Amino acid sequence: SGGLNSFNDELRPLLKEADSIMFVFPVYVDSLPSNLTYCLKYIYDNKEEIGIKKDAKIFVYAQCGLHEADQTETSIDIIRNWAQRMDLQFVQAVGFGASGTLLGAKKFAAGEGIKRDMPAIIETLMKAVETGQGGENQYATVTISREEYQAASEAAWRKLALRNGLEEIDLDKRW
């Protein structure tokens, strides 16, 4: 199953009962994934029928592949504006940058190495969810320089491309 039927059957009852709604998503080209955009529009267009509680609180955890965590701000603002149009309370958001490094950093526990700042930012969001009160949106990134991140990203892309059958000459080709 999937699509609209899935939404109607699975999510509608959950949204009606929810005291809090957490949006967790990757940021693509400074915006929301298209399926989330569609979902927000569908909920807005059918808000009376869906019946989200007026006092429901909205939270966001957004990740982007760019080093700068503030690249998630536009997406967070879209959710904030949607919440306002829905007459819901936007409480707090967290934006995390350089998320592409997380898969390659499995050897580090949360709070160690390049993941040093992750627990604090997630804890801030979880405290906001528990209390229903937030503050300023929080932003963090991995604890390596932008240059180190760029070099690591390029190395990872090269490795992936070679593993998928591209030749070294293809990697620098302008398409």
Mind counting the residues in the range 33-52 that are over 17 Å from residue 78 (Cβ atoms) and part of a helix (DSSP H, G or I)? 3
In the range 156-175, which residues are part of a loop (DSSP other than H, G, I, E, B) and of a type outside the set (A, V, I, L, M)? 164, 165, 167, 172, 173, 174, 175
The number of residues in the range 22-68 that are of a type in the set (Ser, Thr, Tyr), more than 25 Å from residue 133 (Cα to Cα) and open to solvent by 50 Å² or more (accessible area, probe 1.4 Å) is 4
Close pairs (7 angstrom Cβ cut-off, 6 or more residues apart or separate chains): free of Cβ contacts under 8 Å to residues at least 12 places away in the same chain in the range 119-132, outside any helix (DSSP H, G or I) anywhere: 119/110; 119/111
Starting from residues that are surrounded by 14 or more Cβ atoms within 10 Å (Cβ to Cβ) and of a type in the set (A, V, I, L, M, F, W, C), keep the ones in the range 5-21 and report whichever is nearest to residue 63 (Cα to Cα). 21
Regarding the range 21-30, can at least one residue be identified that is touching a residue at least 24 places away in the same chain (Cβ under 8 Å), among the acidic types (Asp, Glu) and either out of contact with any Gly (no Cβ under 6 Å at 6 or more places or on another chain) or not in a helix (DSSP H, G or I) (or both)? yes
Residue list for the range 130-155, restricted to those being assigned to a helix (DSSP H, G or I), within 30 Å of residue 56 (Cα to Cα) and within 20 Å of the chain's Cα centre (by Cα): 130
Note on residue 90: of the conditions (1) open to solvent by 20 Å² or more (accessible area, probe 1.4 Å); (2) modelled with pLDDT of 95 or more; (3) within 14 Å of the chain's Cα centre (by Cα); (4) of a type in the set (A, V, I, L, M, F, W, C), unmet is (3)
Here are some residues: 73, 68, 112. Which one is at pLDDT 70 or above and out of contact with any strand residue (DSSP E or B) (no Cβ under 7 Å at 6 or more places or on another chain)? 68
Looking at residue 132, is it at positive phi and at pLDDT 90 or above? yes
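The values are calculated or read from the model by the stated rules, or taken from the named source; none is laboratory data. On a predicted model such as this, the values are computed, not experimentally measured, just so you know. Every residue, glycine among them, receives a Cβ derived from its backbone with ideal geometry; neighbour counts consider all protein chains shown. Ligands, DNA and RNA are excluded from the accessible area calculation, which covers all protein heavy atoms including side chains. Shrake-Rupley method; radii C 1.70, N 1.55, O 1.52, S 1.80 Å.
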